[in-house]
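The values are calculated or read from the model by the stated rules, or taken from the named source; none is laboratory data. These numbers were taken from a predicted model, which means no experiment stands behind them. Heads up, the Cβs are rebuilt from the backbone with ideal geometry, glycines too, and the neighbour counts pull from every protein chain shown. Surface areas here come from the heavy atoms of the whole protein model, side chains and all, with no ligands, DNA or RNA. Shrake-Rupley method; radii C 1.70, N 1.55, O 1.52, S 1.80 Å.
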Amino acid sequence: MNWNPNRSILLLAAVVVIGVSALLTMESRLTAVMQSDQASIGAGRYKPCNEPYSGVPSKLTGNRLLPASAPCAACLGVEGNRHNYPCQKHNIKNAGNSSHPYQGIEAGSNRWIRMACAEAHKSVAEGGGPFGAVIVQVDDATNQVIRYWRSRNQVTKSVDPTAHAEVTAVRMAAADLGVYNLGEIRRNDPQLRLPQTCETSHCEIYSSCEPCPMCYAAIRWARIDTLVFGATRFDAAVPGVDFSDLELYEELSTPYQDRHRFGLRVLQATTDNSLDAFNLWKNSDKVEY
């Protein structure tokens, strides 16, 4: 059979077309998956922003201790509401005690805390947990908001018991910025992945609800020094919501030997290599965090 250059060219062109088509299909599918993942956390990764930062909400004067409200007829009449729990209108701040832990820190509202609470509401509407968080990166020189991150509770969607809204927000911001100190982000940091014109910037976090001990620790490990939250730990514990951190706080204040009453067995093991990692760490060149 004679070699036909025209046929070879046509065959080669067909192979190229098929290959390009396959690549485009794979890219389209990957884009769809990425968009789906981004939608699941509320707003994808980060949103660029260039507007003045008004700062945290102004403190309120006087005692703003408010009780839970009576049942709300409008809420109870919502189609699909099968449980008929009363609609709560005010934050619970003392759970029946004469004093509460929020004295001296009560403040009003601003765009960012409302955004965090809106993320929590969207999360529930889409089958997630009732928690949201927003991290704002602020230019230290101009007080402009450089960018922000929105996140939601991802425990059930990612099958990860640590994927609370605040932890997820910290993970996103740190990964995108390439730093683990969100309290002081320096322009000359060789690890910094996102641009900033100022010498330094910092992050502040807004949470729809008072952080649990794990989330609080994550915020502090990230060196974030400003936290604003909306609902209280008492709000999170009401019937129908049932996310009580009160037992966790009590457990953390209990000696290890008595924590069996919370269902936890704790032992401190004496073993000959328990200090090996620390000894190597303190005598090694390392990246401190």
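Between the residues Ala217, Ala231, Thr200, the greatest Cα displacement towards the positive end of the dipole of the stretch 170-243, with unit charges on the Cβ of Lys, Arg, Asp and Glu, is found for Thr200. At full extension, Lys122 and Lys47 could sit 25.2 nm farther apart than now, given 0.36 nm per residue minus the alpha carbon distance. Between Asn110 and Phe262, the FRET efficiency from the beta-carbon distance, with R0 = 41 Å, is close to 0.65.
Pairs over the 31 Å Cα-Cα cut-off, from the set Lys59/Lys89; Lys157/Lys286; Lys59/Lys286; Lys157/Lys282: Lys157/Lys286; Lys59/Lys286; Lys157/Lys282.
Rounded to whole Å, the principal axis extents of the Cα atoms in the stretch 189-289 read 48, 46, 17, largest first.
Of the residues Asp285, Asp139, Asp225, the one with the largest accessible area comes first in the ranking Asp285, Asp225, Asp139, computed with a 1.4 Å probe on protein heavy atoms.
About the centre of its Cα atoms, the stretch 88-195 shows a dipole size close to 280 debye [charges on the beta carbon of Lys, Arg (+1) and Asp, Glu (-1) only; nearest 20 debye].
What length, rounded to one decimal in nm, is gained on full extension from Thr271 through to Asn94, with 0.36 nm per residue of separation minus their alpha-carbon distance? Intermediate results must be reported in sequence, preceding the final value.
Values: separation 177, 0.36 × 177 = 63.72 nm, distance 4.46 nm.
Gain in length upon complete extension: 59.3 nm.
What are the aspartates and glutamates whose alpha-carbon lies under 20 Å from the alpha-carbon of Lys47, with same-chain residues fewer than 8 places away excluded? The qualifying aspartates and glutamates are Asp37, Glu119, Asp139, Asp140, Glu166, Asp176, Glu184, Glu204. Ordering 241-251, 257-267, 106-116, 141-151 by mean Cβ neighbour count within 10 Å, with the highest value first, yields 141-151, 106-116, 241-251, 257-267. Peptide packing for 120-127, 172-179, 49-56 was compared via the average number of neighbouring C-beta atoms within 10 Å per residue; ordered from the highest value, the list is 172-179, 120-127, 49-56. From the Kirkwood radius over Cα pairs of the stretch 117-175, Stokes-Einstein at 20 °C and 1.002 mPa s returns a whole-number translational diffusion coefficient of 179 µm²/s.
Can you check what the Kirkwood hydrodynamic radius comes to for the stretch 144-232, Cα pairs only, in Å to one decimal? Walk me through the intermediate numbers first.
Details: mean 1/r = 0.0736 Å⁻¹.
Result for the stretch 144-232, one decimal place: 13.6 Å.
Working from the Cα coordinates of the stretch 84-225, the gyration tensor eigenvalues give, after taking √(5λ), semi-axes of 29, 19, 14 Å in decreasing order.
Please list log₁₀ I(q)/I(0) at q = 0.13, 0.25, 0.29, 0.32 Å⁻¹ for the stretch 209-250, using the Debye equation with identical point scatterers on the alpha-carbon positions. With one equal scatterer per Cα and no solvent, log10 I(q)/I(0) is -0.30, -0.88, -1.02, -1.11.
Once you list every other residue whose beta carbon is under 14 Å from the beta carbon of Glu250, what net charge do they have if Lys and Arg are +1 and Asp and Glu are -1? It would help to have the intermediate numbers written out before the result.
On the way: positive: Arg233, Arg259, Arg261; negative: Asp245, Glu247, Glu251, Asp258.
It works out to a net charge of -1.
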